[in-house]
Amino acid sequence: MSEPTFITKLKWNLPWLFQYPLSRVGSLMERTVFDKKQLVLTVADHFEPSWSVSGHADIKTQIERLKAYHKMARETGDAVRDIDGTKFRHTNFFPAEQYHPDLLDIMAEMQAEGLGEVEVHLHHGVEQPDTAENLRAALVEFRDMLAERHKCLSRMDGEGQPMYAFVHGNLALANSCGGQYCGVDNEMAILTETGCYADLTLPSAPDRTQVAMINQIYEYSGDPNQAVPHRTGKRVRVNGIEPVLPLIFTGPLVFNWTRRIKGVPVPRIEDGALVANQPADIARLKRWMSANVTVAGRPDVIFVKLYCHGFFDYDQSACIGDGARRFFSEIIEYGAGNGNFDVHFASAREAFNIASAIIDGERGVPGRYRDYRLKSIM
């Protein structure tokens with residue numbers, strides 16, 4: 001397939017670009033002065049120890065890399081803790097199509113240490129469009145393997161089928177890439193049916209999979225049996241009404257205007273990626289917070305969903321190693337001082353639980369609601 005033209009890319013991005021000014025004005029209008037704000041910070045790690053520039057690594061290499069990662073995550077988690085004493089960690093979205101029991105055994109050990117809950121990632125429809133039957137079978141098989149063999153995932157109120165958070169490989173949630181990297185129009189219905197409580201794929205700009213709904217936690221409002229039902233939706237709010245699942249948790253999508261080319265400001269997209277080529281500083285944190293991802297009616301609790309690829313060698317320091325240790329320690333110190341906010345490191349499950357408690361009108365600090373609805377099987 002030929003490389004898309006500039007005009008094609010612009011056409012893909014117009015829906016969210018038109019929405020962007022309204023989003024920024026809305027977030028400015030909602031910002032209110034509080035004695036102290038609460039920052040709920042989640043890192044969605046597209047967790048692929050098989051990744052390499054020359055193709056998938058063999059299982060021996062993957063295990064070695066994962067053990068090294070485990071050591072790094074432990075050192076960072078021990079050094080960086082939030083206001084509740086919770087260790088800094090990622091939510092580790094492991095690709096279902098790359099399952100190997102030895103890898104998940106190590107990841108389950110990490111979860112038991114508080115170094116990252118395991119959730120579901122999936123690349124499918126890559127060579128040719130997938131089918132609904134294959135997708136459903138793959139999700140159920142992997143879900144049950146995680147829950148039964150490795151004691152990962154969670155259950156709603158501790159009962160029923162295992163529940164999971166999801167990140168779509170190649171960003172093509174609900175066949176949002178024009179048939180590529182998915183092929184299943186009714187993917188959202190299958191996610192709901194198989195126990196997906198939240199999707200953390202977005203934002204994906206400037207990819208064609210980016211929808212107009214930005215900087216929100218929202219319920220999709222389209223037909224789940226049709227492609228891209230999450231292109232429209234309804235922001236969650238304090239109303240006590242149980243939301244439609246999966247909730248769509250978007251990370252920040254704002255412009256960074258600090259870049260200059262020959263003295264002229266040239267914006268770049270800020271999407272919460274923990275990468276080596278973007279500075280890790282308080283100015284960046286402020287951009288994340290300015291996206292103002294909240295439950296309507298509780299502007300004092302800000303959700304910041306970041307993402308990374310934990311096995312991109314050149315990004316490991318920025319997302320889990322020395323760079324992350326420094327940056328997230330700085331965030332905690334700044335919040336306790338000039339920033340006037342408390343930090344709560346939350347897994348995808350915990351962020352969902354905190355949002356659910358807020359929707360139900362609970363008023364306590366976020367750390368009280370980490371296990372509000374979804375109970376970890378482990």
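The values are calculated or read from the model by the stated rules, or taken from the named source; none is laboratory data. Given the structure is predicted, the values throughout are model-derived calculations rather than measurements. Glycine gets a Cβ as well: all are built from the backbone with ideal geometry, and neighbour counts include every protein chain shown. For accessibility, only protein heavy atoms count, side chains too; no ligands or nucleic acids. Shrake-Rupley method; radii C 1.70, N 1.55, O 1.52, S 1.80 Å.
Some notes on this structure:
- Translational D in µm²/s for the range 305-378 (Stokes-Einstein at 10 °C, 1.306 mPa s, Kirkwood Rh from C-alpha pairs): 111
- Legend: residues MET188, MET163, sorted from most to least accessible area (1.4 Å probe; ligands, DNA and RNA excluded), read MET163, MET188.
- Convex hull projection area averaged over all views, the chain, Cα basis, nm²: 18.4
- With θ taken as phi - 60° and the Karplus curve 6.51 cos²θ - 1.76 cosθ + 1.60 applied, the whole-hertz 3J(HN,Hα) list for the range 259-275 is 6, 10, 10, 6, x, 9, x, 10, x, 10, 6, 9, 10, x, 7, 8, 9 Hz, x standing for glycine and proline.
- Gaussian network model of the chain, springs between alpha carbon atoms under 10 Å - residue of LEU22, LEU285, LEU171 with greatest fluctuation: LEU22
- Cα-based radius of gyration of the range 158-223 once divided by 2.2 N^0.38 Å, which approximates compact folds: 1.14
- Candidates GLY195, GLY125, GLY337: whichever shows maximal mean-square fluctuation once the chain is modelled as a Gaussian network with Cα springs under 10 Å: GLY337
- Over the chain, Cα pairs under 8 Å with separation of 6+ residues give a relative contact order of 24 percent.
- Loop-located chymotrypsin sites (Phe, Trp or Tyr not before Pro) in the range 228-294 whose Cβ has at most 12 other Cβ within 10 Å (DSSP): TRP257
- Ligands, DNA and RNA left out, the accessible area of the chain computed with a 1.4 Å probe is 53% carbon and sulfur.
- For the range 129-248, the percent of C-alpha pairs falling in each 10 Å distance bin, counted from 0 to the bin holding the largest distance, reads 14, 45, 32, 9.
- Rg/Rh for the range 1-99, where both radii come from Cα atoms and Rh is the Kirkwood radius: 1.13
- Most to least accessible of THR209, THR258 (protein chains only, probe 1.4 Å): THR258, THR209
- Average accessible area per residue (Å²) across the chain - probe 1.4 Å, nucleic acids and ligands excluded: 42
- Per-selection Kirkwood Rh - the range 20-153 (Cα, Å, 1 d.p.): 17.4
- C-alpha center-to-center spacing [the range 268-295, the range 6-24] in angstrom: 19
- Diagonalising the gyration tensor over the Cα atoms of the range 174-312 and scaling each eigenvalue by 5 before taking the square root yields semi-axes of 28, 20, 13 Å, largest first.
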